[in-house]
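Each remark here refers to the structure printed beneath this line.
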Amino acid sequence: MPSLGRLHLITDTRPGCDPLAVLRAALPVARAELVVQVRVTDGTTDRQAYDLARRVRALCAPYGATCLVNDRLHVALAVHADGGHVGADDLPVAAARRVLGVDAVLGATAREPGAAGRAVAAGASYLGVGPCHRTTTKAGLPDPIGPAGIRAVAEAVAVPVIAIGGVTVATVPALRAAGAYGVAVVGALSTAADPGRATAELIAALTC
Ligand SMILES: Cc1ncc(COP(=O)(O)OP(=O)(O)O)c(N)n1
Ligand SMILES: Cc1nc(C(=O)O)sc1CCOP(=O)(O)O
Ligand SMILES: [Mg+2]
């Protein structure tokens, strides 16, 4: 399995957003360091999710970027994505691993060391850990865990920890110092005035 990219771009499909435009700006900058997670709103049909994921995968391929699908693993399989990401309301990690197969990239959400260890034992190849900071992108999240929460998980597992939730270029150094391998962002790229430049800044902060 190739090494995991450090910058995870999660598609922003809220009204008024153009996730493919953001992706087109990010790809030439981040290239194989980019992991794109296709995440759609609950009201999105499977057909719409499939169409988006198929386009994302096609855009990623020439750059060696990784394409994952959030929650809907049948869509991941249908578009030949590199893998998927699951959380507490999705298929259990072991079931997701059976669906995707041994070679797939499989991310799992874990907010504390106990859950992190169980997810890795069940077959997760990386962990999404957060929310690190306050975010307006997703409602209903627990309180932020900050760099200390990232450190607690990173010290407990041997797979890459991807910090998520309110991540900006300014917060990357402290998250890396706490043991994060990479970060996952929605707003830091989808609301950027210049997503290509924002990608370059995040990549510089993640690879220096
Ligand atoms: C990298 C990464 N980390 C965490 C999540 C959150 O997944 P989940 O808890 O299943 O919530 P939804 O994204 O499905 O609303 C993620 N998507 N990516
Ligand atoms: C989809 C998601 N999951 C989170 C979690 O903590 O599980 S935080 C989050 C949204 C991240 O968006 P932004 O980068 O704009 O804060
Ligand atoms: Mg989920």
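I'm trying to understand the selection: among the residues of region 57-90, which are at negative phi, of a type outside the set (Gly, Ala, Ser) and within 16 Å of ligand 2 (Cβ to nearest atom)?
Result: Leu68, Val69, Asn70, Arg72, His85, Val86, Asp89, Asp90.
Name every residue in region 118-149 that is in a helix (DSSP H, G or I) and over 18 Å from His85 (Cβ atoms), in order of residue number. Step through it out loud before you land on a result.
Step one: of region 118-149, the residues in a helix (DSSP H, G or I) are 118-121, 146-149.
Scanning region 118-149 gives Gly146, Pro147, Ala148, Gly149.
With the checklist (1) open to solvent by 30 Å² or more (accessible area, probe 1.4 Å); (2) within 16 Å of ligand 3 (Cβ to nearest atom); (3) under 14 Å from Val183 (Cα atoms) in hand, flag the one item Val129 doesn't pass.
Val129 satisfies all of (1) open to solvent by 30 Å² or more (accessible area, probe 1.4 Å); (2) within 16 Å of ligand 3 (Cβ to nearest atom); (3) under 14 Å from Val183 (Cα atoms) except (1).
Determine which member of the set His80, His85 is in contact with a Gly (Cβ under 6 Å, 6 or more places away or on another chain) and open to solvent by 10 Å² or more (accessible area, probe 1.4 Å).
Of the residues listed, the single one that is in contact with a Gly (Cβ under 6 Å, 6 or more places away or on another chain) and open to solvent by 10 Å² or more (accessible area, probe 1.4 Å) is His85.
Name the residue, out of Ala76, Ala65, Ala95, that is under 28 Å from Ile150 (Cβ atoms), at pLDDT 95 or above and in contact with a Leu (Cβ under 6 Å, 6 or more places away or on another chain).
Exactly one of Ala76, Ala65, Ala95 is under 28 Å from Ile150 (Cβ atoms), at pLDDT 95 or above and in contact with a Leu (Cβ under 6 Å, 6 or more places away or on another chain), namely Ala65.
Given the conditions (1) outside any loop (DSSP other than H, G, I, E, B); (2) within 13 Å of Leu7 (Cα to Cα); (3) touching a residue at least 40 places away in the same chain (Cβ under 8 Å), which single one is not true for Ala152?
Result: Ala152 fails condition (2) only.
On the basis of being touching a His at 6+ places or on another chain (Cβ under 9 Å), open to solvent by less than 20 Å² (accessible area, probe 1.4 Å) and modelled with pLDDT of 95 or more, does Val36 make the cut?
On the way: touching a His at 6+ places or on another chain (Cβ under 9 Å): yes; open to solvent by less than 20 Å² (accessible area, probe 1.4 Å): yes; modelled with pLDDT of 95 or more: yes.
Against the criterion (touching a His at 6+ places or on another chain (Cβ under 9 Å), open to solvent by less than 20 Å² (accessible area, probe 1.4 Å) and modelled with pLDDT of 95 or more), Val36 qualifies.
When you check Arg151 against the structure, is it of a type in the set (Lys, Arg) and either farther than 27 Å from Glu201 by Cα or open to solvent by less than 60 Å² (accessible area, probe 1.4 Å) (or both), yes or no?
Details: of a type in the set (Lys, Arg): yes; either farther than 27 Å from Glu201 by Cα or open to solvent by less than 60 Å² (accessible area, probe 1.4 Å) (or both): no.
Spelling it out, it is not the case that Arg151 is of a type in the set (Lys, Arg) and either farther than 27 Å from Glu201 by Cα or open to solvent by less than 60 Å² (accessible area, probe 1.4 Å) (or both).
Restricting attention to region 88-114, which residues are within 14 Å of ligand 3 (Cβ to nearest atom), open to solvent by 30 Å² or more (accessible area, probe 1.4 Å) and of a type outside the set (Val, Ile, Thr)?
Answer for region 88-114, where residues must be within 14 Å of ligand 3 (Cβ to nearest atom), open to solvent by 30 Å² or more (accessible area, probe 1.4 Å) and of a type outside the set (Val, Ile, Thr): Ala88, Asp89, Asp90, Leu91, Pro92, Arg111.
The values are calculated or read from the model by the stated rules, or taken from the named source; none is laboratory data. All of these numbers come straight from a predicted model, not from anything done at the bench. Every residue, glycine as well, gets a Cβ built from its backbone with ideal geometry; the counts of neighbours run over all protein chains shown. What goes into the accessible areas is simple: the full protein's heavy atoms, side chains included, and nothing from ligands, DNA or RNA. Shrake-Rupley method; radii C 1.70, N 1.55, O 1.52, S 1.80 Å.
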